[in-house]
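These notes are about the structure you will find just below.
The values are calculated or read from the model by the stated rules, or taken from the named source; none is laboratory data. Model, not experiment: these values are computed from the prediction. Every residue, glycine among them, receives a Cβ derived from its backbone with ideal geometry; neighbour counts consider all protein chains shown.
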Amino acid sequence: MSDKISRREFLTRSAKAGLSIAAVGGAAGLLYETDALKMISKESAITGLKDFSVASIPGQTMSVITGSNRTLTVNKAIELLGGIDRFVKPGETVLLKPNIGFSSPPRICATSHPDIIAEVARLCYEHAKAKKVYVTDNPINDPKSCFEISQIAAAAKKGNAEIIMPRQNLFSPMTLKGGKLIHNWPFLYQPLANIDKVIGIAIVKDHARSGASMTMKNWYGLLGGGRNIFHTNINTIITELAMLIKPTLVILDATDIMVSNGPTGGSASDLKRMNMMIASCDQIAADSFGAGLLNLKPADLPYLLKAQELKIGTTDYQMLKPIFTTMKG
Amino acid sequence: MLQADKKIMPTSPKQSVISFSILILLFCIAAAVGIKQQYYEKAIFEDIILKDSLFSDKFTSASNIENYSPTNLYEKIDGKADLYLNNGFISLQCRRFSDNSATDKWVEVFLYDMANGENAFAVYSMQKRPESTALDWAQFGYSTSDALYVAAGQYYIEVALSSDDPVLLATASAAIKNLIPSLSAGKMEMPFFNLFPTENLTTDSFKFISADAFGSDLKNIFTAEYNINGNSVTVYLSKDSTGDVFKNYYRFLIDNGGTELKYDAKLPDCKAVELFGTTDIIFRTGNYFAGVRGSAPINDLKLIADKLIESLSVKNE
């Protein structure tokens, strides 16, 4: 039997094959969704986070320690709230969320200080007998260089904490119930999905958009996607993040505060030495105290007032009877 | 048998036409790809300014050049991007260089193309650190213990150092000094500076504010600080050929609760308004709108306002 085909047969088969390819390609093109998030059904979108906070103890909600050694002051700040074992139980997993937004050295205080990360991780392991401590953030700049240059990678290693880099597969679409902006928005969810406790670690910074960047603004680093679109609604997004994340504890470092040219700064001349460390179960109270260090009132930072209206916390931190202590040496 | 199967079939003209058509199509695709590739973002590929050799051979580039445009500037400087975007930002090129003998010693250079000298001066002046040392080799430049800031032509340059290191600062200073002639043709002309009275003027206090000055719609104004009887006073000045700037700013002050003060004005278009403890004496003369503001006693403000009116009158003549 001859395996030759006629020219007519060849052209017919070629035409059929071409039409098949065109049909498949065309159908794929019609069905292709450029926004992958739209393909996720509403049912599969994450609609909130668990409450990571611990039971309140009157008079042990906020502490303010004066001192220049961050390791000592953060240790004392937590101790005065009842110790790390009040917040973390044996066998629990803990996520530390510092601000690692920029590839800047710790000296210019655009990022959380590595000494605090190392000390809190140590406390979690040695005193609270935590099972595992993780550190994560989704920086503005290249994540690898941010973790390295901020020296937080080295601090995490020193504290035996594991760094979770913000890989794309760790983001999930998040929708905040009652939120206007956080709707099917990429969120660094996986590091929080099965975690027991969350500790936010921020610094006091001037911020060109929001007025100040402290513990509440720090959660912005859990957003993915083109999050700069939220800059025009900065007060709303910070409020919504505070609605979404109920942390176990927040640490606000005011040893050196960035008083101008924030949030990046760039020079030690943008800093002012305040020698203070704040630990708080109420993020709004911590930020209200921090605002005062920047010569701002809560009314100057609308997100503080909005969050207070939503009863997330209080701007009247004095009402919480914060514990003030000065470290010697 | 195999040999028999391999006999060559004659080609028809139609087959030749199809074959040539396919070849022409492939050629067109190749040409289209080639043309498309001509329109790449040149700054990404051309190491035009922040060259490997920017620093002496004791330093090497520790990173590739990073390029940012108005659409992604926030990826580098986050919330500070607005300052640049509101002032004509075109592009940012930045690169880190490290000391060959100690890689923990590095310098990061940020080169902002701001389109023109006024814009570059605006971002320079609005971020100026009060505790700094003027650079004697730059028209607009200063250093802090760990950074260097220069406005040259249409460029604004920031140099961040890894540490508070005088040797590193000197190295960075020398490199940027060598770079400046390739960025700027020479001294930038700032004619507005000459309109400000010199008496009681705080040295190097000039600023250019391109938008939202004093929380209002005032834009494109030059300001300078004065010290009179221990009080700090701000003097501001802009073009106002129609008088609208004067009228709108006066309206802004009154609409926001300002109280007009009795004022013995030398000019017909002159007002004094007090708002939240700050007094503005504003006026229009010739093609200029100008003002003096501060919480100093009104007689002190008036003193500077009179000097400013005098200075502008001379220039208007």
If the Cβ limit is 9 Å and pairs must be 6+ apart or interchain, which residue in region B:71-98 that is at the interface with chain A (Cβ under 9 Å from one of its Cβ atoms) and touching a residue at least 40 places away in the same chain (Cβ under 8 Å) pairs with which residue that is surrounded by fewer than 19 Cβ atoms within 10 Å (Cβ to Cβ) and assigned to a helix (DSSP H, G or I)? B:83/B:126
Checked A:72, A:49 against criteria (crowded, with 18+ Cβ neighbours inside 10 Å and either in contact with a helix residue (DSSP H, G or I) (Cβ under 6 Å, 6 or more places away or on another chain) or among the hydrophobic types (A, V, I, L, M, F, W, C) (or both)); the one match is A:49
Quick check on region A:146-163. Is at least one of its residues more than 21 Å from residue B:75 (Cα to Cα) and in contact with a Leu (Cβ under 7 Å, 6 or more places away or on another chain)? yes
Mind telling me which of the residues A:202, A:208, A:161, A:130 ends up being crowded, with 22+ Cβ neighbours inside 10 Å, of a type in the set (A, V, I, L, M), under 22 Å from residue A:103 (Cα atoms) and more than 14 Å from the chain's Cα centre (by Cα)? A:161
Inter-residue pairs, beta-carbon under 9 Å, first farther than 15 Å from residue A:284 by Cα and in region A:44-64, second small (Gly, Ala, Ser) and in a strand (DSSP E or B), 6+ apart: A:44/A:172; A:45/A:172; A:46/A:172
Hey, residue A:92 hits all of (1) more than 14 Å from every other protein chain (Cβ to nearest Cβ); (2) on the phi < 0 side of the Ramachandran plot; (3) free of Cβ contacts under 8 Å to residues at least 60 places away in the same chain but one; which does it fall short on? (3)
Select from region A:133-158 the residues that are within 14 Å of chain B (Cβ to nearest Cβ), touching a helix residue (DSSP H, G or I) at 6+ places or on another chain (Cβ under 7 Å) and buried (at least 16 other Cβ atoms within 10 Å of the Cβ) and list them in ascending order. A:137, A:138, A:139, A:140, A:141, A:150, A:151
Scan region A:225-244 for residues that are among the small types (Gly, Ala, Ser) and modelled with pLDDT under 95 and jot them down. A:225, A:226
Taking region B:153-179 as the search range and keeping residues that are of a type in the set (Val, Ile, Thr) and within 14 Å of chain A (Cβ to nearest Cβ), which one is farthest from residue B:123 (Cα to Cα)? B:159
Test result for residue B:208, over 20 Å from the mean Cα position of the chain (by Cα), surrounded by 19 or more Cβ atoms within 10 Å (Cβ to Cβ), away from chain A (no Cβ under 14 Å) and more than 30 Å from residue B:58 (Cβ to Cβ): no
Look at region A:294-329 and say how many of its residues are surrounded by fewer than 18 Cβ atoms within 10 Å (Cβ to Cβ) and of a type in the set (Gly, Ala, Ser). 2
Consider residue A:204 carefully, then state whether it is closer than 21 Å to residue A:111 by Cα, touching a residue at least 12 places away in the same chain (Cβ under 8 Å) and within 14 Å of chain B (Cβ to nearest Cβ). no
Hey, residue B:281 crowded, with 21+ Cβ neighbours inside 10 Å, without any contact (Cβ under 8 Å) to a residue 60 or more places away in the chain, in the same structural domain as residue B:226 (by TED's automatic domain parsing) and β-branched (Val, Ile, Thr) or not: yes
Which one of A:280, A:260, A:267 is within 14 Å of chain B (Cβ to nearest Cβ), buried (at least 23 other Cβ atoms within 10 Å of the Cβ) and either over 30 Å from residue B:157 (Cβ atoms) or among the hydroxyl-bearing types (Ser, Thr, Tyr) (or both)? A:267
Please go through region A:149-171 and pick out each residue that is of a type in the set (S, T, N, Q) and at pLDDT below 95. A:168, A:169
Of the residues in region B:53-70, those that are within 9 Å of chain A (Cβ to nearest Cβ) and outside any strand (DSSP E or B) come to B:63
